[in-house]
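Trainee: Sending over a structure as structure tokens; questions will come in a sec.
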Amino acid sequence: MINILIVEDQTLLRDSLENMIGTQNDMEVIGTTDDAAKALDLCRELKPDLILMDVITANESNGISYAAIIIKEVPEVKIVIMTALPEITFIEDARIAGVHSYIYKNSGHKHLFYVIRSTMEGVGIYPGPGHVPSLAGRFSESEISVIRLVCQGKTREEIAKMLDLSEFALRAVITSVLDKTGFDSITKFALYALSHDFIVISP
């Protein structure tokens with residue numbers, strides 16, 4: 001039996017993962033938490049075989065950073081990082097931290113089970129370049145800069161000043177982002193980007 005600890009701050013997804021894993025005869029969820037900062041203590045208490053760890057959890061806790069701590073303190077535990085629309089650097093950060101496997105949340109339950117079993121057998125699974133979600137890498141450097149600043153709550157005037165853009169140029173960048181995403185508001189897309197880990201704002 002593979003005993004699993006889930007670290008995920010979205011309640012619906014956490015419950016869904018627990019229910020899905022519960023359908024497998026060789027897997028069992030023995031604990032859940034919404035905060036990666038609590039994972040080490042739970043790991044010592046519950047002694048899971050594997051942790052499914054979101055990248056950004058409650059209280060802005062970074063799952064990759066805490067994964068590195070757990071791997072050092074409890075090396076026998078396997079860790080699978082999971083996220084939705086990450087920044088590309090997350091993959092390299094996870095490798096450096098010693099994370100065993102890495103999966104996108106939209107991969108489907110069959111792939112999730114495959115990754116869990118492979119990881120327990122000592123085979124790390126990481127997405128190749130062709131498997132990076134399509135939104136990642138679709139934006140220019142200036143578009144990403146604007147998205148980040150919107151996520152930080154900056155006004156258009158502040159963004160234009162910080163990036164040395166004219167009002168017309170800023171409007172063009174925002175229009176391009178909306179055209180690529182299908183959103184009708186840059187604020188709505190900023191909220192989506194934050195909630196899906198596409199843009200991460202450090203506390």
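The values are calculated or read from the model by the stated rules, or taken from the named source; none is laboratory data. Source: prediction; values computed, not measured. Glycine also receives a Cβ, built like all others from the backbone with ideal geometry; neighbour counts cover every protein chain displayed.
Trainee: Specify the residue that is surrounded by the most Cβ atoms within 10 Å (Cβ to Cβ); the eligible residues are those in the range 1-29 that are over 16 Å from residue 50 (Cβ atoms) and among the charged types (D, E, K, R).
Mentor: The qualifying residue surrounded by the most Cβ atoms within 10 Å (Cβ to Cβ) is 9.
Trainee: Which pairs have Cβ atoms under 6 Å, sit 6 or more apart or on different chains, and link a residue in the range 174-189 that is without any contact (Cβ under 8 Å) to a residue 24 or more places away in the chain and not assigned by TED's automatic domain parsing to the domain that holds residue 147 to one that is of a type in the set (Phe, Trp, Tyr) and crowded, with 17+ Cβ neighbours inside 10 Å?
Mentor: none
Trainee: Right, something else. Of the residues that make up the range 137-158, is at least one charged (D, E, K, R), surrounded by fewer than 15 Cβ atoms within 10 Å (Cβ to Cβ), without any contact (Cβ under 8 Å) to a residue 24 or more places away in the chain and over 25 Å from residue 83 (Cβ atoms)?
Mentor: Yes.
Trainee: Right, something else. At positive phi and free of Cβ contacts under 8 Å to residues at least 40 places away in the same chain: is that true of residue 59 in this structure?
Mentor: In short, yes.
Trainee: Has the range 40-52 got at least one residue that is in the same structural domain as residue 93 (by TED's automatic domain parsing), of a type in the set (Lys, Arg) and more than 16 Å from residue 78 (Cα to Cα)?
Mentor: No, that holds for no residue.
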